[in-house]
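We did not get these values from a lab; they are worked out from the coordinates using the rules stated. All of these numbers come straight from a predicted model, not from anything done at the bench. Cβ: placed from backbone, ideal geometry, glycine included. Neighbour counts: every protein chain shown.
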Amino acid sequence: MIYLKDAAQILQAAGRRLTTQRRVLLQVLSECHEHLDAEGIYALAKEQDPNISLATVYRTLSVFKEVGIVQERMLNREGQRRYYEVAGRVHYHFTCLGCGRVIEFESPLIEQAGAELAERLNLDVVHTHVHMDGYCPDCQQRNRTNQTAEENL
């Protein structure tokens, strides 16, 4: 997790400043436990700073991404929605095809596979992105219930 002090140092090293609006956006990103797109971040930031604009959010996210403060993720199959999260914790994502819920998970097996691949092929793996799609327990149950109802017709 990147804290404001760390972010200020990262931005300063990149020749950027930690402005009031950047501070608000960092706070939103750090405190929210949902997967937010730019519009979602904007809505929460606007509660704290009514003068912030959507354009500022997009520009700031671009700067944060460029300097490594946030990571951009595409958590749907079409890759049309971009989600942002604070960089730092290694984790992966599962998206339910039924309800769209995104579940974060950690797996030492994925890290092991990356290390094994790097060693076997003499690679320098610097980032791993794993995203799985499927159905969450609630949607599985709903699908079974609907299937049973159809069979009984």
* Cα centroid distance between the range 118-139 and the range 5-26, in Å? -> 30 Å
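Taking a quarter of the surface of the Cα convex hull of the chain, what do you get in nm²? Don't skip to the answer; put the middle values down first.
Values: hull surface 51.5 nm².
Approximately 12.9 nm², given one-decimal rounding.
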* Asked: Among Q71, Q12, Q21, which one shows the biggest mean-square fluctuation in a GNM of the chain, springs joining Cα atoms closer than 10 Å?
  -> Q12
* Free-standing Cys residues across the chain, given no other cysteine C-beta under 4.7 angstrom -> C32, C99, C139
* To do: Pick out which of R16, R73, R101 has the largest mean-square fluctuation in a Gaussian network model of the chain, springs linking Cα atoms closer than 10 Å.
  => R16
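Per DSSP helix of 4 or more residues, -39500 (n - 2.57); summed, then divided by the residues of the chain. What does that give at 222 nm, rounded to the nearest 500?
On the way: 6 runs with 76 residues, N = 153.
One gets -15500 deg cm²/dmol as the mean residue ellipticity at 222 nm.
Around Q112, with a cut-off of 15 angstrom between Cβ atoms, what is the net charge of the other residues, counting Lys and Arg +1 and Asp and Glu -1? List each step's numbers first, then the result.
Numbers: positive: R120; negative: E106, E111, E116, E119.
After counting each charged neighbour, the total is -3.
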* Structure fact -> Note on the chain: contact order normalised by length, alpha-carbon pairs under 8 Å, 6 or more apart, percent, works out to 18 percent
* Of the options A14, L25, A45, report the single residue whose Cα projects farthest towards the positive end of the charge dipole of the range 1-89 (beta-carbon charges: Lys, Arg +1; Asp, Glu -1). => A14
* **Virtual paramagnetic centre 7 Å along Cα→Cβ of E150, amide N under 20 Å, in the range 86-107** => 96-100
* Förster radius 22 Å - calculated FRET efficiency between R82 and K46, Cβ distance, rounded to 0.05 -> 0.70
* Take the Cα of F105, step 7 Å along the line toward its Cβ, and report every residue of the range 118-149 whose backbone nitrogen sits under 13 Å from that point. => 130-137
